[in-house]
Amino acid sequence: MEMAVINLLCPGDEVIVASCGNFGDRWIKIAEGYGVKVRSVSVEWGKVVKPVDIEKALKANPNIKAVYTTFTETSTGVANDIKTIGEIVSKTNAVLVVDAISGLAGQEFRTDDWKVDVAVSGSQKGFMLAPGLAFITLSDKAWKLAESSKIPKFYLDIKKYKRSYITNETPFTPPVTLIVALQESIRLIKERGLENMWNDYKLLARATRAGMRALDLELFGEVPCDVVTSVCVPAEIGGKIVKILREKYGVSIAGGQGDLEGKIIRFAHMGYIGKADLLVGFACLEMALSDLGVKVEKGKGVAAAEEELLKA
């Protein structure tokens, strides 16, 4: 994310950050940390960014250099309408920069067709690898900004990477083991088919939501994404579910961040997570809820998820 700020802008430039969660807010922190002026178009966590609000902000501020937002905002479990936002931004001098760290390879995302100028991602989500690699794409429109960027940089200078890329090299020592692993990951993605993966994750998302509803857990998020499901949990046990699942049952899920800490839990269904993982996760969630005094009909969540999976 930082690379997409320091390589496009100059101190004092104005940008729009359209945020609907923790990772959208991170764009604000990064930009302000480098002396960039931020005009925030933020919504309540759990809601999605309204493209019309971005359009209004661009019309009111013609000097905007870039619009920053997230694709799948995993802190809340929602997906923004990048296609519509891309159409709006493309008609201005600004570039559209999208945090696709969790969404790339996990949910339909068409960089060029949706007029995304800069997409950033990472190795630890849809690419099924350990953290440590970052990916970035730039359109011709974005490269023009990169050529005039004045924010100081050294290791993260995109122009150095562009020069090295021509010779199949990197400007600095890379994490070789992760790059070798990435080759295998890409082979698996090609073998499976990217659109088949998108459909598989949609199925897992439907099954997860069916299981959560069967356990009387309220879904959280206005437009749920396909890579993670967020649900509301009772405040008195919200902070304990994640710990019990991890320490007692060996299942890792995520809790809420920021103001949502202890209020929601998040089930991921992307990357190498499959049907069996999902069903085990629900069985253990039922036991964890029982441990915490919640009356749960054993197997109800598992059965609902299984029923949805069998429809495929």
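Every number here is computed from the coordinates shown, using simple stated rules; none is lab data. Keep in mind the model is a prediction, meaning the values are calculated, not measured. Cβ sites come from the backbone with ideal geometry, for glycine too, and all protein chains shown count toward neighbours.
The H on the amide N of Ile264, modeled in the peptide plane, is under 5 Å from the matching H of Val233, Gly256, each at least 5 residues off or on a different chain. Distances between placed amide hydrogens fall under 5 Å for Leu96 paired with Val67, Asp117, Val118, all partners being 5 or more residues away or on another chain.
Checking understanding here: applying a Kyte-Doolittle mean of at least 1.6 and a length along the axis of at least 20 Å (C-alpha), which whole DSSP H helices in the chain pass? Helices passing the filter in the chain: none found. Taking every alpha-carbon pair under 8 Å whose residues sit at least 6 apart, the stretch 1-86 reaches a relative contact order of 35 percent. Full extension of the chain between Ser42 and Arg213 yields a length gain of 58.7 nm, computed as 0.36 nm times the residue separation minus the alpha carbon distance. The gain in end-to-end length when the Lys243 to Glu147 segment is fully stretched comes to 29.8 nm, 0.36 nm per residue minus the alpha carbon separation. Rounded to the nearest 0.05, the FRET efficiency derived from the C-beta distance between Tyr34 and Lys91 at R0 = 25 Å is 0.40. The modelled label-to-label distance between Ala254 and Asp140, using points 7 Å beyond Cα along the C-beta direction, is 3.7 nm.
If Lys and Arg each add +1 and Asp and Glu each add -1, what is the summed charge of the other residues whose beta carbon sits under 13 Å from the beta carbon of Thr170? Could the numbers behind the result be given before it?
Details: positive: Lys160, Lys162, Arg163; negative: Asp157, Glu169.
So the surrounding residues net to +1.
When only the Cβ of Lys, Arg, Asp and Glu is charged (+1, +1, -1, -1), the dipole of the chain relative to its Cα centre reaches about 500 debye.
Given Lys91/Lys141; Lys275/Lys311; Lys29/Lys160; Lys202/Lys311; Lys275/Lys298, which pairs have Cα atoms separated by over 22 Å?
Beyond 22 Å between Cα atoms: Lys29/Lys160.
Working value for the chain: equivalent-ellipsoid semi-axes of 36, 23, 17 Å, each the square root of 5 times a Cα gyration tensor eigenvalue, largest first. Sequence-ordered 3J(HN,Hα) estimates for the stretch 217-234 from the Karplus curve with 6.51, -1.76 and 1.60 and θ = phi - 60° stand at 9, 6, 5, 10, x, 5, 10, x, 7, 8, 9, 7, 10, 10, 9, 6, 10, x Hz, glycine and proline given as x. Placing unit charges on each Cβ (+1 for Lys and Arg, -1 for Asp and Glu) gives the stretch 164-312 a dipole about its Cα centre, and among Pro234, Leu279, Phe267 the Cα reaching farthest toward its positive end belongs to Leu279.
Evaluated over the Cα positions of the stretch 194-309, the convex hull gives a direction-averaged projected area, one quarter of its surface, of 6.9 nm².
Going from the fewest other Cβ atoms within 10 Å to the most, the residues Ser164, Ser149, Ser102 appear in the order Ser164, Ser149, Ser102.
Here the calculated FRET efficiency for Glu297 and Arg110, from their Cβ-Cβ distance with R0 = 51 Å, stands at 0.75, rounded to the nearest 0.05.
Computed from backbone phi, the HN-Hα couplings of the stretch 97-113 come to 10, 10, 6, 10, 4, 9, x, 5, 6, x, 8, 3, 8, 10, 3, 6, 4 Hz, rounded to whole numbers (Karplus: 6.51 cos²θ - 1.76 cosθ + 1.60, θ = phi - 60°; Gly and Pro given as x). Taking a cut-off of 20 Å between Cα atoms, list the lysines near Lys263, but don't count ones fewer than 8 places away on the same chain. Those lysines meeting the cut-off are Lys47, Lys240, Lys243, Lys295. Ordered by the count of other Cβ atoms within 10 Å of each Cβ, fewest first, Val302, Val118 give Val302, Val118.
Taking amide hydrogens as placed 1.01 Å from N in the peptide plane, the amide H of Phe220 sits under 5 Å from those of Ser230, Val231, Cys232, each at least 5 positions away in sequence or on another chain. Residues Lys263, Lys298, ranked from the fewest to the most other C-beta atoms within 10 Å, line up as Lys298, Lys263.
Counted over the chain, the DSSP beta bridges are approximately 45% antiparallel.
Each Lys or Arg adds one and each Asp or Glu subtracts one; over the other residues with Cβ under 11 Å from the Cβ of Thr137, this totals -2.
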